[in-house]
1. Can you say whether Ala496 is in a helix (DSSP H, G or I), buried (at least 19 other Cβ atoms within 10 Å of the Cβ) and either more than 17 Å from the chain's Cα centre (by Cα) or touching a residue at least 60 places away in the same chain (Cβ under 8 Å) (or both), as far as the supplied structure shows?
2. Within region 343-372, can you find the residues that are open to solvent by less than 10 Å² (accessible area, probe 1.4 Å) and either over 19 Å from Val413 (Cβ atoms) or among the polar types (S, T, N, Q) (or both)?
3. How many of the residues making up region 51-86 are out of contact with any Leu (no Cβ under 8 Å at 6 or more places or on another chain), hydroxyl-bearing (Ser, Thr, Tyr) and farther than 18 Å from Ala112 by Cβ?
4. Of all residues in region 416-453, count the ones that are on the phi < 0 side of the Ramachandran plot and either surrounded by 23 or more Cβ atoms within 10 Å (Cβ to Cβ) or in a helix (DSSP H, G or I) (or both).
5. Considering region 271-286 alone, what residues qualify as being part of a loop (DSSP other than H, G, I, E, B) and either open to solvent by 10 Å² or more (accessible area, probe 1.4 Å) or touching an Asp or Glu at 6+ places or on another chain (Cβ under 7 Å) (or both)?
6. In region 188-210, how many residues are without any contact (Cβ under 8 Å) to a residue 60 or more places away in the chain and open to solvent by less than 20 Å² (accessible area, probe 1.4 Å)?
7. Among the numbered criteria (1) in contact with a Lys or Arg (Cβ under 6 Å, 6 or more places away or on another chain); (2) modelled with pLDDT under 95, which one does Phe486 miss?
8. With the requirement that a residue be part of a helix (DSSP H, G or I), crowded, with 19+ Cβ neighbours inside 10 Å and over 23 Å from the mean Cα position of the chain (by Cα), what does region 141-160 give you?
Amino acid sequence: MPTPVSGAASAANAEVVVSAGPVVFVEDGDTATVTVTLQAGSAVLAEPVSVDWRTGSGTATADADYEAGSGTLEFAAGTPSGTERTITVRTRESEAGETAETVPLALASRDAEVTAEPTVVVRAHDLPYLDERLPVDERVADLLSRMTLKEKAGQMTQAERGNVAGSPAVITELGLGSILSGGGSTPADNTPEGWADAIDGFQERALVTRLQIPLLYGVDSVHGHGNLAGATILPHNIGLGATRDPLLVARAERMVATETRATGIPWTFAPCLCVVRDDRWGRTYESFGEHPALASVLGAAAVLGFQGSRLDSSRSVLATAKHFVADGDTAYGTGEGEYTVDQGITEQSRRHVESVDLPPYAAAIVAGVGSVMPSYSSMDWTDDGLGNPVKMHAHDELINGWLKRDHGFDGFVISDYQGIHQIPPLAADSPTTQQIVTSVNAGVDMFMEPSQFERFHTRLVAAVQDGAVTPERIDDAVSRILAAKFELGLFEEPFADRSHADDIGSAAHREIARTAVAESQVLLKNSRRALPLDDDDSIYVAGRNADDLGNQAGGWTGTWQGFSGEVTEGTTILEGIEAAADDVTFSEDASAPTDGADVGVVVIGETPMPRASAT
């Protein structure tokens, strides 16, 4: 067969490209159809193009699993750009169940540039873990028994979208179990369809592996699917807490789950269950409030809203209770550098933490929360004297002990963004083997390693081989992760269910958000009946936040820190007042004369996400 020759295309066909999809799936015994597309620099080909093809050497066995073949695709002169030709690969039915097998195709042309390296994947079939009629625990046990150590380590590894988008083959090579989009990390086409297409592309790469374990994709839908342009944005938890309405919270998060799942994402890193005790903390707005009872009731309602009655529903996502535990109860001045409260140290007794910080997690466990995320912060018990803080990502007593053993949490624990890198001793080449071993043995099951996922994978495998982590601990972690994937229905339908894409940002969804905004309003005092305003009044509006949608939306909108300005679609406070009243004067700094005004409205606030951490 001829081989591709760089620059061999004739001058007339210099801009002709031959492409094909990277993966084609086929059921055992069926015929795969690979579509090859020709794109010309002009409307039609100036000269004919021939494309030779042949089946290559993959994990499938020629003649036994498929019919080896070769041939030539011809595109005559005058063929319109965009014309497609097909290659068929016949597979042979197996007598027994098998894992997935691959048949790569080699394409070559002296007349055009070839950018395609398609692979036919014969799906795994007739194995117990693929039988949706079996109980989840039986499916997990069967699948686990077939996995190698490297495959298990892959399931415990989570990479960031931007770090695999340019080389998605690494998903297959490492058998990655999960990918996330950090705050502000979006596909080039930031639309529901663009998200679903991008995630489906990642999922294809995961399904090239022999066991075809689907990816679990996660995102911070903390007050709406904030990375997605046009998504419905809710008030932050501090606003939802002010509603004192668990039914409204559940309904609102059900809406968020619907919009998130419609883009191909079945997992959210929410709700935040911190019980905020210091208003100087930059993430106070992520808390439902300062009372554990309020955070418990509304946190459980949020979990129920996200997860629904069935995780495999097109309107459900796996919820994450975060940040375990007491991230809202850290002592002022214990943070690093400018982080005076955030990522600091909780200096409390076990009794205090049990009564104030842990109740929301107990409620979330009862509600069936599927995952838990530790905090960046540390715990320093006053019971035995201060001075020996332990990072939450290394806290065996609270993760293995309180969470898993004492309260029966059967979901999985996902680290925060590079969270284990902060476990002492710190190092330039984090995550170190020591950091990995410490955290795995403390009970963390999956690791958010956005850029260092390959290093994590390699060192975790080596740690198990060296005996620093037991195979039983690895099996426990992987079993928890696989169980979530089975419950989400990803083995039956790994690709995006786009049936609710038209609901994203819909009038019905925005009405839910609008209700939440209205119910979150807190009237502290109404002297001399200042409210409600009369639409005949002359209204003077002041404050730089009055007409800044980004400041009003806050963090986790567009990016993880949010930003000022037109961050999303919506109505500013000034615009709302102007829509209701005829005589409105606006002065950002209150320098304009107030003469003639009947009433003044001052809008104060802060810019989004001050002094905050990443996830």
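The values are calculated or read from the model by the stated rules, or taken from the named source; none is laboratory data. Note that the structure is a prediction, hence the values are computed from the model and not measured. Cβ coordinates were reconstructed from backbone atoms using ideal geometry, including for glycine residues, and neighbour counts include every protein chain displayed. Heavy atoms of the whole protein, side chains included, go into the accessibility calculation; ligands, DNA and RNA do not. Shrake-Rupley method; radii C 1.70, N 1.55, O 1.52, S 1.80 Å.
1. Working: in a helix (DSSP H, G or I): no; buried (at least 19 other Cβ atoms within 10 Å of the Cβ): yes; either more than 17 Å from the chain's Cα centre (by Cα) or touching a residue at least 60 places away in the same chain (Cβ under 8 Å) (or both): yes.
Taking the combined requirement at face value, the residue does not satisfy it.
2. Passing the criteria: Gly344, Thr346, Ser371.
3. Adding up the residues that qualify gives 5.
4. Taking region 416-453 and keeping what is on the phi < 0 side of the Ramachandran plot, we get 416-417, 419-442, 444-453.
After this cut, where a residue has to be either surrounded by 23 or more Cβ atoms within 10 Å (Cβ to Cβ) or in a helix (DSSP H, G or I) (or both) as well, the list is 416, 419-423, 431, 433-442, 444-449, 453.
Residues in region 416-453 being on the phi < 0 side of the Ramachandran plot and either surrounded by 23 or more Cβ atoms within 10 Å (Cβ to Cβ) or in a helix (DSSP H, G or I) (or both): 24 in total.
5. Taking region 271-286 and keeping what is part of a loop (DSSP other than H, G, I, E, B), we get 271, 273-274, 276-283.
Correct list: Cys274, Val276, Arg277, Asp278, Asp279, Arg280, Trp281, Gly282, Arg283.
6. Looking only at that region, the number is 2.
7. Among (1) in contact with a Lys or Arg (Cβ under 6 Å, 6 or more places away or on another chain); (2) modelled with pLDDT under 95, the lone unmet condition for Phe486 is (2).
8. Pass one, region 141-160, residues part of a helix (DSSP H, G or I): 141-146, 149-155.
Those still in the list that are crowded, with 19+ Cβ neighbours inside 10 Å too: 143, 151-155.
Result: Leu143, single match.
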